[in-house]
Amino acid sequence: MKFSQMPYQRTDAGAAAARLRDLTARMAAARTAAEAFAAHDEYYALTGGIETNRTLANIRHDIDSADAFYADEQKFYDGFGPVLHNLQVEYGRQLLGSPFRPELEKKLGAPAFKNIELALRANDERLIPLRQAENELASRYQDLLAGARIEFEGGVYNLSLLRPFLTHADRATRQKAWAALSGYLRSVTDEIDDIYDQMVKNRTEQARILGFENFVPLGYLRMQRNCYGQREVEAFRAQVKQHFVPFATRLHEQRRRRLGVDKLCHYDNDVYFAAGNPAPTGTPDEIMAAGRAMYAELSPETREFMDFMCENELFDVLSRPNKHQGGYMTYLPNYKSPFIFANFNGTNGDVDVITHECGHAFQGYLLRGDPYREHADIGMETAEIHSMSMEYFTYGWMDRFFGPGRDTYLQMHLEDSVTFVPYGTMVDEFQHIVYSQPGLTPAERKQAWAELERQYRPHLHFAGDDFLAGAIWQRQHHIFTDPFYYIDYCLAGVVAMQFKVRMDKDRSAAWADYLKLCRLSAKDYYLNVLAAAGLESPFADGCLERLVKELEPKTKQ
Ligand code: ZN
């Protein structure tokens with residue numbers, strides 16, 4: 001069904017809760033495996049319907065935050081979401097304790113049950129008011145940034161539309177654009193500090209109710225880390241510091257020489273060539289058409305996927321006033337449809353939507369026929385492999401988007417992918433600091449960030465903007481809305497780079513393993529899925545050192 005025709009109906013909270021309680025009782029009372037499966041099928045139908053309506057409201061609110069109807073609906077789900085979550089966890093408790101668990105586990109997969117255990121440890125009815133308040137804070141942050149009106153050289157821009165000036169080929173122009181951005185952030189920093197401070201305290205209180213010392217272990221449970229923990233992530237950060245920071249520093253030095261500047265300032269950090277970053281040559285319609293043609297050629301599976309997406313209007317990619325920032329892929333269970341939300345702004349980021357977000361959507365599409373929804377319930381460290389690997393699998397088509405700028409684009413993409421890893425890891429370490437010391441003041445948090453900048457991005461000069469040196473993270477949505485998500489990009493990034501190395505040697509074998517990885521999704525644990533697809537765990541000793549050795553010749557000029 002086309003997105004515009006999908007009917008929306010607010011979930012009847014009372015009726016849904018009653019039915020969920022009823023299904024929970026039925027799961028508990030099931031006398032045969034068949035009865036348990038029958039209850040579970042009804043559970044899919046009920047929660048799939050709720051999820052579809054919630055996602056529709058969410059997308060339509062994101063598309064136009066000034067639309068009062070969907071703003072109201074969003075508020076409703078902000079409040080109902082935690083209640084629903086709690087009921088689902090209670091249902092999960094019965095599933096976990098079912099005498100038919102062996103039969104269920106055979107179909108649903110072992111991770112599904114482990115995930116229920118994690119959810120039970122992360123959940124308590126007493127958290128509901130706090131979760132609701134947390135949702136409100138997240139919405140407040142997003143609405144604040146969506147409403148940014150930044151004056152620059154006679155125009156007024158939101159954050160997304162300012163981006164082309166932030167990466168402008170003319171250094172003086174981008175310096176001024178960054179000054180405008182810095183001025184905007186300064187104007188809202190007190191409010192952002194206040195929102196974040198409330199979030200940190202709220203999350204810490206949730207953790208303490210559950211008996212944790214601070215939010216870090218609860219954050220891990222919420223990220224559904226079902227086969228690794230803080231120790232592994234810490235070891236990964238150490239590998240990044242030891243091998244990726246020096247590698248990235250070499251690439252930055254190469255870039256500095258290319259730009260012909262004496263030092264790299266914050267306003268140079270996203271600029272790769274003196275003549276400016278390669279930008280797509282076409283209009284948004286042409287980019288979409290090139291994407292469709294590309295996926296038609298890439299494989300039969302991607303052809304069918306992209307036709308489905310286009311025919312059913314499952315993209316909203318144009319930037320407009322009152323549209324929320326950012327980009328994401330989400331899923332509408334009742335229509336078995338992925339949906340992609342983005343903000344085109346004329347930069348290479350538009351093409352990332354066609355590669356990265358479509359990678360996510362492709363995995364969602366591949367699993368649409370799977371009768372067991374738990375198989376799609378992957379962690380983000382897995383999901384981001386699907387998307388980031390697709391960025392590399394589509395390298396061969398980049399002339400369609402960038403014309404003669406193809407080679408510079410590919411160089412920029414690879415350098416950017418590498419240098420992102422230290423940045424993303426810094427975001428992760430920052431959050432560990434923030435949540436393990438919840439008493440830090442906003443000023444101390446900014447100090448902590450500035451200190452991490454020196455460790456992870458030693459090449460970067462803030463050119464006298466001391467405010468930005470400690471506060472640049474305040475425009476990074478994940479830090480506010482999805483704590484501890486960010487490291488997943490780094491974990492997945494280095495796995496996707498393994499695919500890059502492998503496809504350069506044997507493309508069809510790499511693609512076959514990519515399809516295998518997507519189809520496995522959550523049927524098995526993340527680390528097992530990696531092994532099945534012939535990939536090395538990013539936690540394995542020496543993984544990053546070996547990867548740097550392989551990538552170094554590909555990035556040298
Ligand atoms: Zn992604």
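Quick grid of which residues meet (1) under 25 Å from Ser508 (Cβ atoms); (2) assigned to a loop (DSSP other than H, G, I, E, B); (3) aliphatic (A, V, I, L, M); (4) touching a Leu at 6+ places or on another chain (Cβ under 6 Å):
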{"position": "Ala274", "(1), (2), (3), (4)": "no, yes, yes, yes"}
{"position": "Pro278", "(1), (2), (3), (4)": "no, yes, no, no"}
{"position": "Gly282", "(1), (2), (3), (4)": "no, yes, no, no"}
{"position": "Ala290", "(1), (2), (3), (4)": "yes, no, yes, no"}
{"position": "Arg303", "(1), (2), (3), (4)": "yes, no, no, no"}
{"position": "Asp307", "(1), (2), (3), (4)": "yes, no, no, no"}
{"position": "Glu313", "(1), (2), (3), (4)": "no, yes, no, no"}
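Per-residue answers, yes or no, for (1) touching a strand residue (DSSP E or B) at 6+ places or on another chain (Cβ under 6 Å); (2) surrounded by fewer than 21 Cβ atoms within 10 Å (Cβ to Cβ); (3) among the aliphatic types (A, V, I, L, M):
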residue	(1), (2), (3)
Met27	no, no, yes
Arg31	no, yes, no
Ala34	no, yes, yes
Asp41	no, yes, no
Gly48	no, yes, no
Asp64	no, yes, no
Ala71	no, yes, yes
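Applying a threshold of 7 Å to beta carbon distances and a minimum spacing of six or more residues, or different chains, the list of pairs starting in region 34-48 at a residue that is in a helix (DSSP H, G or I) and ending at one that is of a type in the set (Phe, Trp, Tyr) and modelled with pLDDT of 95 or more reads Ala36/Phe100; Tyr43/Tyr91. Kindly indicate whether Thr283 is away from the ligand (no atom under 16 Å from the Cβ) and more than 30 Å from Asp513 (Cα to Cα). Judged against the criteria, Thr283 is a match.
Name the single residue that is nearest to Ala463 (Cα to Cα) among those in region 171-227 being assigned to a loop (DSSP other than H, G, I, E, B) and either touching a Cys at 6+ places or on another chain (Cβ under 8 Å) or without any contact (Cβ under 8 Å) to a residue 12 or more places away in the chain (or both). Please lay out each step first, then the result.
Initially, region 171-227 is screened for residues assigned to a loop (DSSP other than H, G, I, E, B), giving 210-214, 223-227.
In the following step, the residues that additionally are either touching a Cys at 6+ places or on another chain (Cβ under 8 Å) or without any contact (Cβ under 8 Å) to a residue 12 or more places away in the chain (or both) were identified as 211-213.
Working: Gly211: 45, Phe212: 41, Glu213: 39 Å.
Top of the filtered list is Glu213.
For region 31-50, which positions are over 24 Å from Ala376 (Cβ atoms) and not β-branched (Val, Ile, Thr)? Steps first, please.
Taking region 31-50 as the starting set, the residues that turn out to be over 24 Å from Ala376 (Cβ atoms) are 31-32, 35.
Within region 31-50, Arg31, Glu35 qualify.
Please work out if Ala376 is within 16 Å of the ligand (Cβ to nearest atom), more than 30 Å from Tyr157 (Cα to Cα), among the aliphatic types (A, V, I, L, M) and touching a residue at least 40 places away in the same chain (Cβ under 8 Å). So Ala376 passes the test. Contact map, region 1-21: residues that are in contact (Cβ under 8 Å) with a residue 24 or more places away in the chain and surrounded by 16 or more Cβ atoms within 10 Å (Cβ to Cβ) paired with residues that are part of a loop (DSSP other than H, G, I, E, B) and hydrophobic (A, V, I, L, M, F, W, C), Cβ distance under 8 Å, separation 6+ or inter-chain. Pairs shown: Phe3/Leu314. State whether one or more residues within region 230-242 are touching a residue at least 12 places away in the same chain (Cβ under 8 Å) and not in a helix (DSSP H, G or I). No, there is no match, as no residue in region 230-242 is touching a residue at least 12 places away in the same chain (Cβ under 8 Å) and not in a helix (DSSP H, G or I). Cβ-Cβ distances below 7 Å connect the following pairs, each with a first residue in region 80-99 that is touching a residue at least 12 places away in the same chain (Cβ under 8 Å), a second residue that is not in a helix (DSSP H, G or I), and a separation of six or more residues or different chains: Phe80/Thr11; Asn86/Asn123; Val89/Asn123; Ser98/Ala30.
State yes or no: is Gly349 modelled with pLDDT under 95, out of contact with any strand residue (DSSP E or B) (no Cβ under 7 Å at 6 or more places or on another chain) and either within 16 Å of the ligand (Cβ to nearest atom) or within 30 Å of Lys106 (Cβ to Cβ) (or both)? Taking the combined requirement at face value, the residue satisfies it.
Pick from Leu535, Leu517: which is surrounded by 15 or more Cβ atoms within 10 Å (Cβ to Cβ) and either assigned to a helix (DSSP H, G or I) or in contact with a Ser or Thr (Cβ under 8 Å, 6 or more places away or on another chain) (or both)?
Working: Leu535 fails: either assigned to a helix (DSSP H, G or I) or in contact with a Ser or Thr (Cβ under 8 Å, 6 or more places away or on another chain) (or both).
Just one listed residue meets the conditions, Leu517.
Has region 395-415 got at least one residue that is out of contact with any Asp or Glu (no Cβ under 8 Å at 6 or more places or on another chain) and within 16 Å of the ligand (Cβ to nearest atom)? The answer is no, given that none of the residues of region 395-415 is out of contact with any Asp or Glu (no Cβ under 8 Å at 6 or more places or on another chain) and within 16 Å of the ligand (Cβ to nearest atom).
A quick yes/no check of all residues on (1) aromatic (Phe, Trp, Tyr); (2) in contact with a strand residue (DSSP E or B) (Cβ under 6 Å, 6 or more places away or on another chain):
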site: Met329; (1), (2): no, yes
site: Ile340; (1), (2): no, yes
site: Phe344; (1), (2): yes, yes
site: Pro371; (1), (2): no, no
site: Glu374; (1), (2): no, no
site: Thr382; (1), (2): no, no
site: Thr394; (1), (2): no, no
site: Asp407; (1), (2): no, no
site: Leu414; (1), (2): no, no
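Ser337 meets all of the listed conditions (1) farther than 21 Å from Thr302 by Cβ; (2) buried (at least 20 other Cβ atoms within 10 Å of the Cβ); (3) away from the ligand (no atom under 16 Å from the Cβ) but one, namely (1).
The values are calculated or read from the model by the stated rules, or taken from the named source; none is laboratory data. Please read these numbers as outputs of a predicted model, since none were measured by experiment. Methodologically, a virtual Cβ is constructed for each residue, glycine included, from the backbone with ideal geometry; neighbour enumeration extends over all protein chains shown.
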